[in-house]
1. Might you check whether a residue that is surrounded by 14 or more Cβ atoms within 10 Å (Cβ to Cβ) and among the basic types (Lys, Arg) occurs anywhere in the range 165-185?
2. Given the criteria in contact (Cβ under 8 Å) with a residue 24 or more places away in the chain and either open to solvent by 60 Å² or more (accessible area, probe 1.4 Å) or touching a strand residue (DSSP E or B) at 6+ places or on another chain (Cβ under 6 Å) (or both), does Ile36 qualify?
3. Out of Ser80, Ser73, Ser69, Ser88, I need the residue that is hydroxyl-bearing (Ser, Thr, Tyr) and within 17 Å of Tyr203 (Cβ to Cβ). Which one?
4. Condition first: aromatic (Phe, Trp, Tyr), in contact (Cβ under 8 Å) with a residue 24 or more places away in the chain and over 25 Å from Ile184 (Cβ atoms). Can you find one or more residues in the range 79-97 that meet it?
5. Is it the case that some residue within the range 209-218 is closer than 16 Å to Gly111 by Cα, of a type in the set (Ser, Thr, Tyr) and crowded, with 17+ Cβ neighbours inside 10 Å?
6. So which helices (runs of 4 or more DSSP H) are wholly in the range 146-244 and hold at least 2 residues that are within 18 Å of Leu56 (Cβ to Cβ) and either touching a residue at least 40 places away in the same chain (Cβ under 8 Å) or in contact with a Ser or Thr (Cβ under 7 Å, 6 or more places away or on another chain) (or both)?
7. Assuming Phe27 fulfils every condition listed in (1) free of Cβ contacts under 8 Å to residues at least 24 places away in the same chain; (2) farther than 27 Å from Ser186 by Cβ; (3) among the aromatic types (Phe, Trp, Tyr) apart from one, which condition is it?
Amino acid sequence: MKKVLENVYLVLIFIFLFLPIMVLVLFSFNTSSLNIVFEGFTTHWYLDLFQNRTLLEALFNTLLVAGVSTIVSTIIGTISAYGLHKYSFKGKNIVNELLYIPVVIPEIVLGIALLSVYTLLRLELGLFTLILAHICFCIPFVIISVRSVLESIDPHIEEVASDLGASRFQIFAKIIIPMLMPGILSGAQLALTLSLDDVVISYFTAGPGANTLPLQVYSMIKTGITPDVNALITIMLAFVFVILMISTVIQLRRLRKEGAV
């Protein structure tokens, strides 16, 4: 009986999490332009999507900002995490505490703070300032993810490699980076996800010509979100699902080769 209740509880959780997503996918095939009642089945919204230049430009800006900010924040975050873990210096504890500020403070506070800095520096708001803002709040997440892996690495590995004649660069590039790859990939995925769906910070740091998909959808709330937006989100969900399936298959094959499965 206990096992049955646990399974029912698990099913209810999944329904609660995924039912809104399934409703969104369903209404992308709705004949009505209003997302209120499902009136009939059609696929013409997927064709209309590719004629909506505003929506496609917002999607392009979103992917551009997310891609650049993820790459830059992953590189900076990985190097910073390694430096903070390996070296000791004055104020290290303060730096460690400051890293958590962008993670825990409300997004609206960080957005206003970044806008104030841009104003003082007289930077014109646009894609550049938006990318800088996304890099700013993504770096701490990468550092935290990478440092969690660094804690599990034997510190004597570097000493052994150095005794065998490896240079510092070779140790970092050929030994440390491969060992840190799970943390690096986790941090990069987290940074990408945070950047893709950010609204509040983007609202304060984006300027003309820097409209992103979350901002575009947010601006449509008052007038109503059209089904072509649902169609775009459905395509994005399908793309993510395919990537997850490919990743799962690759991981299972690797585990089978290692004899773990």
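1. No.
2. no
3. Just a single option satisfies the conditions, and that option is Ser69.
4. No, the range 79-97 has no match at all.
5. For the range 209-218, residues closer than 16 Å to Gly111 by Cα, of a type in the set (Ser, Thr, Tyr) and crowded, with 17+ Cβ neighbours inside 10 Å: present.
6. It comes to 213-219.
7. Exception for Phe27: condition (1).
The values are calculated or read from the model by the stated rules, or taken from the named source; none is laboratory data. Nothing here was measured: the structure is a model prediction, and the numbers come from that model. Counting neighbours? That spans all protein chains shown, and the Cβs are built from the backbone with ideal geometry, glycine included. Accessible surface is based on the protein model in full, side chains and every heavy atom, while ligands, DNA and RNA are left aside. Shrake-Rupley method; radii C 1.70, N 1.55, O 1.52, S 1.80 Å.
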